[in-house]
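Written below as structure tokens is the structure these notes are about.
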Amino acid sequence: MAEPLLEVENLRTHFDTEDGRVQAVDGISFSVEHGEIFGVVGESGSGKSVTARSIMQLIESPPGVINADAIRFKGEDLLEKSPPEIREIRGGEISMIFQDPMTSLNPVMTVGEQIAEVARHHLDTSESSGFWSEMKRKYVTGASHESESWRRAIELMDMVGLPDPEQRAHEYPHQLSGGMRQRVMIAQALAGDPSLIVADEPTTALDVSVEAQILHELLELRDEFDVSVVLITHDLGVIHETCDRLAVMYAGELMEKGKTGDVFEDPKHPYTQALMKSIPQITDDREWLDVIPGSVPDLVDKPAGCPFRERCEYAFEGCTEPLVEYDVGEKHTAACHLHSDEVNKELTDRPAAPESHEGPSEQV
Amino acid sequence: MISRLINTVSRRLTGGSETHLFGIRSNLLERFSRILKRDRKAQVGLSIVAVVSLIAIFAPVIAPYDPMSQNFPVMQPPTFTGAHPLGTDSFGRDLLSRVVFGARLSLAVGLSAVAFGTLIGVPMGLYAGYYGGWVDDLLMRMVDTMWAFPALLIAILAVAIHGQSIWVPIFAIGFALIDDFARITRGEVLSIREEEYTLAAESIGMGKFKIMFEEILPNAVAPILVQYTVSTARAILTEATLSFLGIGVKITTPTWGSLLRQGRGFIQQAWWISIIPGLIIMITVLGINLFGDALRDAFDVKESGGT
Amino acid sequence: MNLDEPVHVQYINWMTDITQGDLGTSFFSNQPVLEMIVGVIEPTLSIGTLGMLIAVSIALPAGIISALRRYQPEDYVATILAFLGLSMPEFWIGILLVLVFATTPIPIYGYTAISQGLVSWLSHIILPAIAVGVPYGAILMRMVRSSMLEVMSEDYVRTARAKGLDENLVVFKHGLQNALIPVVTVAGILFAVLLGGVVAVELVFGVSGFGRLLIGSIQRRDFPVIQGSVITISFLFVGMNLVIDFVYTLINPQIRYGGES
């Protein structure tokens, strides 16, 4: 098997704040294959956005500090790269789509120029992208509308489904609708011809109807441009629609990961099971949706062990042990000590470790 | 009504045990004392303000002589010790005594001017922001017009009509400050009006007047307080400029500005008459500005750059 | 003077005269007021403009550096200097400059017109311009700093970094213009305050400018001149606002295209 496109090994990102050290991401590992859409799902504050930004090294330091055994992209460790090398990779090899397209696009630049500048910096164009020529372009001459990069911008805008791209390229973000802005963001992310796109909640700020279009667009572009996507969201529905594999995050740690179908059909971690139960189903005859009692633990000076144990209905004394990922199926792991061999042996007589997602509520 | 307002505000400031029904923005004083504990800027600012205020309050006790008495040798340079530590002016008056009494008058002028601006500007902003519609349009157009009248212009007109007096800088500076306070209050009211505690107060049928002064105003206090501080610094500087130009207080009234005016003709011969009052102004204004900046940090108020 | 006419007729006459450029004649010198004002406005505008230029050229770099190096020595130095700068009356800075430069070749008194040579003109207005420029530079610098800090934490700046642009381009191509939008508004407001500063500074440096005319006429109770001066200040004020509005529209496309969408 070819090596994965991206391999994250034991990523730990923390922020030093006045109240203490916030361990936003606490030792997570995963990999993304070529051409794959990999979903990362979690509640707000679970560290999924910080994970995305840690890969791009877009964490402000201070207060943020990124630690990892390795973040390998195409076999090379990104953490060992120099700042100029990282800038080559940002936008050129890995690009990013952010949550709110209104605030993530520069309000004083035409959308055409915002896309074109990525092409200038990362593709072989005949145009200079040095500091002074960029400043001249910005403040003196304006962006050339005959240039290669501008044509590339228009071409991309057309590909992501923006109507009338020649006109639109001259417009400013506030003149576009939310869905169009997010298409601009996508065009911008594609402009440097990357192999990986990290999309951080790309549809959260959009209407539901627009959300479906944008997700559809992402799926198509994956094939057209042969890119992999890391899709970060709090919405299990979005994951189900789009992702090949997924990882579930909670309080900075990975709870479960596996193929989308496997995890949805047979979640192995109590947290994933609880999450699944909290989504409304069309076939529901439940009067109330199940909610997870309690709240996300404080990430300041987080104690060792499973972060979910305070809210978990299966919690036992072993939960204070440091988390280990157990194989629970083909390419399917769950970080829950209920899956350790000893516990399974011990529990053979009793109602066993959670096996299916109808299980728990009936057992109690 | 006023006393109730003061009660509500002071409760909010001290975080008294009696919490307000729909209260939010707890405890400005506590937030300030936290900043004061670790921010050097705030400590320096507060110390300067405290010292200058004490000097102003106890001026008759501190000043060695009557600031008007002209019984000393003329234009003695400062010795920093002895009979006239800061020297004497061109009329043979003790400069230290004049600077000490100047603190009293300059602070009084500054504080009164800002009080004037606040007392008119804040209610204007409150009404404009809360009622909206034509009330807002009318009041804010008035405010826009005032904006075209800087303190300098008003002082010129006031002096031309009324002649020099201590009321001229108070009125001129205060008038020019109305628009700042009106705008800041209005902006704050617009956001508070949408807050849930305001909506809740409306929904239980509380009167508009009561909502404005008991629900909204106490919650808009932080930015107004910051503006008050910064404006006082500005007012002391403006008083100095106006009096220096001869369109402020009478030359016989010893504010710091008028002390500087007396030094105007003797810059080369007796630099201290100009330099010392200016230095005192600088230290005082610096203190107030540092204090205001610390308040701004403590209350998390955006820098508006207002004059 | 037609003082026998009813007030409203006098007012209409006066307004008509103003629109025709007739501001009346001085009680004191019998010269037409407009002529007197035009005669003294050059030094005032020279000092004001150069002062504003100095203020902006201190404020922009200092504010940007201060923001980018927040809580580092550069920021502390800039902040301390800014606080000192905005705590001094501008005429007092003038007095300090007079004392410091008294024995140097730079003139500390008077004014020569621009038509009599650029160097001489510049040497006469440089000190007064510094005196008015420093406090406004300080205020503007604080504005640039806070505005820049705010912009640098905006999402679109993060986007620019995610595109792989180097930090200089992020700051100057993506940040600067956005940071300047609120600063321009404040600069306009400050111009009014700066005008008062010029008037006072003229007195310190013995410049026969608009300020001197104004103060002199107040002392002489020369009402037509006072009135004419007040109108002139208002005109300068409104003119400056037009300039600010124009610049504002230039750098903020959301205003420029606001009507269309």
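The values are calculated or read from the model by the stated rules, or taken from the named source; none is laboratory data. These figures come from a predicted structure and were not determined experimentally. Neighbour counts are summed over all protein chains in view; Cβ atoms, including those assigned to glycine, are modelled from backbone coordinates with ideal geometry.
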Would you point out which residue out of C:207, C:201, C:186 is in a helix (DSSP H, G or I), under 28 Å from residue C:24 (Cα atoms) and β-branched (Val, Ile, Thr)?
-> C:201
Within segment A:199-303, helices (runs of 4 or more DSSP H) holding 2 or more residues that are of a type in the set (S, T, N, Q) | A:208-225, A:270-277
Pick from A:77, A:100, A:26: which is over 27 Å from residue A:192 (Cα atoms) and among the charged types (D, E, K, R)?
-> A:26
Check whether at least one residue in segment C:173-185 is of a type in the set (D, E, K, R) and touching a residue at least 60 places away in the same chain (Cβ under 8 Å), and report yes or no.
-> no
Residue by residue through segment A:88-123, note down the ones that are of a type in the set (Asp, Glu) and within 22 Å of residue A:204 (Cβ to Cβ).
-> A:100
For segment C:208-226, name all the residues that are away from chain B (no Cβ under 11 Å), buried (at least 22 other Cβ atoms within 10 Å of the Cβ) and touching a Pro at 6+ places or on another chain (Cβ under 9 Å).
-> C:209, C:210
Subset of segment A:102-133 (residues that are more than 7 Å from chain C (Cβ to nearest Cβ) and more than 19 Å from residue A:92 (Cβ to Cβ)) | A:102, A:109, A:110, A:111, A:112, A:132
Might you let me know whether segment B:230-237 holds any residue that is touching a Phe, Trp or Tyr at 6+ places or on another chain (Cβ under 9 Å), without any contact (Cβ under 8 Å) to a residue 24 or more places away in the chain, assigned to a helix (DSSP H, G or I) and within 11 Å of chain C (Cβ to nearest Cβ)?
-> no
In this structure, does residue B:216 turn out to be buried (at least 21 other Cβ atoms within 10 Å of the Cβ), at pLDDT 85 or above and of a type in the set (A, V, I, L, M)?
-> no
Taking residue B:166 as meeting all but one of (1) in contact (Cβ under 8 Å) with a residue 12 or more places away in the chain; (2) within 14 Å of chain C (Cβ to nearest Cβ), write down the number of the exception.
-> (2)
Residue tally, condition under 19 Å from the mean Cα position of the chain (by Cα) and farther than 29 Å from residue C:204 by Cα, over segment C:109-168 | 1
Enumerate the pairs (first residue in segment C:78-94 and more than 8 Å from every other protein chain (Cβ to nearest Cβ); second residue anywhere and hydrophobic (A, V, I, L, M, F, W, C) and not in a helix (DSSP H, G or I)) with beta-carbon separation below 9 Å, excluding pairs fewer than 6 apart on the same chain, so at least 6 apart or on different chains.
-> C:94/C:205
Scanning segment A:76-98 residue by residue, those in contact with a helix residue (DSSP H, G or I) (Cβ under 8 Å, 6 or more places away or on another chain) and either of a type outside the set (D, E, K, R) or in the same structural domain as residue A:142 (by TED's automatic domain parsing) (or both) turn out to be A:78, A:86, A:89, A:91, A:92, A:94, A:95, A:96, A:97, A:98
Filtering helices (runs of 4 or more DSSP H) wholly in segment C:30-147 for at least 2 residues that are of a type in the set (Asp, Glu) gives C:33-68, C:73-85
Would you tally the residues in segment C:102-127 being within 14 Å of chain B (Cβ to nearest Cβ) and at pLDDT 90 or above?
-> 1
Being part of a helix (DSSP H, G or I), in contact with a strand residue (DSSP E or B) (Cβ under 6 Å, 6 or more places away or on another chain) and crowded, with 24+ Cβ neighbours inside 10 Å, is that true of even one residue in segment C:149-169?
-> yes
Any idea which residue in segment A:134-145 is farthest from the other protein chains (Cβ to nearest Cβ), counting only those that are crowded, with 19+ Cβ neighbours inside 10 Å and in contact with a Phe, Trp or Tyr (Cβ under 9 Å, 6 or more places away or on another chain)?
-> A:143
Scan of segment A:54-101 for residues that are away from chain C (no Cβ under 13 Å), small (Gly, Ala, Ser) and without any contact (Cβ under 8 Å) to a residue 40 or more places away in the chain, ordered by number | none
Going by the conditions given, is residue A:148 touching a residue at least 40 places away in the same chain (Cβ under 8 Å), buried (at least 16 other Cβ atoms within 10 Å of the Cβ), of a type in the set (D, E, K, R) and within 16 Å of residue A:165 (Cβ to Cβ)?
-> no
Return yes or no: is residue A:8 outside any loop (DSSP other than H, G, I, E, B), touching a helix residue (DSSP H, G or I) at 6+ places or on another chain (Cβ under 6 Å) and on the phi < 0 side of the Ramachandran plot?
-> no
Among the residues of segment C:1-29, write down those that are free of Cβ contacts under 8 Å to residues at least 40 places away in the same chain and assigned to a helix (DSSP H, G or I).
-> C:7, C:8, C:9, C:10, C:11, C:12, C:13, C:14, C:15, C:16, C:17, C:19
If the Cβ limit is 6 Å and pairs must be 6+ apart or interchain, which residue in segment A:289-314 that is surrounded by fewer than 17 Cβ atoms within 10 Å (Cβ to Cβ) pairs with which residue that is outside any loop (DSSP other than H, G, I, E, B) and β-branched (Val, Ile, Thr)?
-> A:300/A:22; A:305/A:320
With respect to residue B:189, is the statement that it is closer than 30 Å to residue C:92 by Cα and either surrounded by 21 or more Cβ atoms within 10 Å (Cβ to Cβ) or within 11 Å of another protein chain (Cβ to nearest Cβ) (or both) true?
-> no
Filter segment A:328-347 for residues that are surrounded by fewer than 12 Cβ atoms within 10 Å (Cβ to Cβ) and at pLDDT 80 or above and give the result.
-> A:330, A:331
For residue B:26: the one exception among (1) over 27 Å from the mean Cα position of the chain (by Cα); (2) modelled with pLDDT under 80 | (1)
Within the set of pairs 6+ apart or on separate chains, which have a first residue in segment C:153-170 that is facing another protein chain (nearest Cβ under 7 Å), a second that is among the acidic types (Asp, Glu) and crowded, with 20+ Cβ neighbours inside 10 Å, and C-beta atoms under 8 Å apart?
-> C:163/A:117; C:165/A:117; C:169/A:134
Mind checking which residues of segment C:130-166 are over 30 Å from residue A:100 (Cα atoms) and aliphatic (A, V, I, L, M)?
-> C:130, C:131, C:132, C:134, C:138, C:139, C:140, C:141
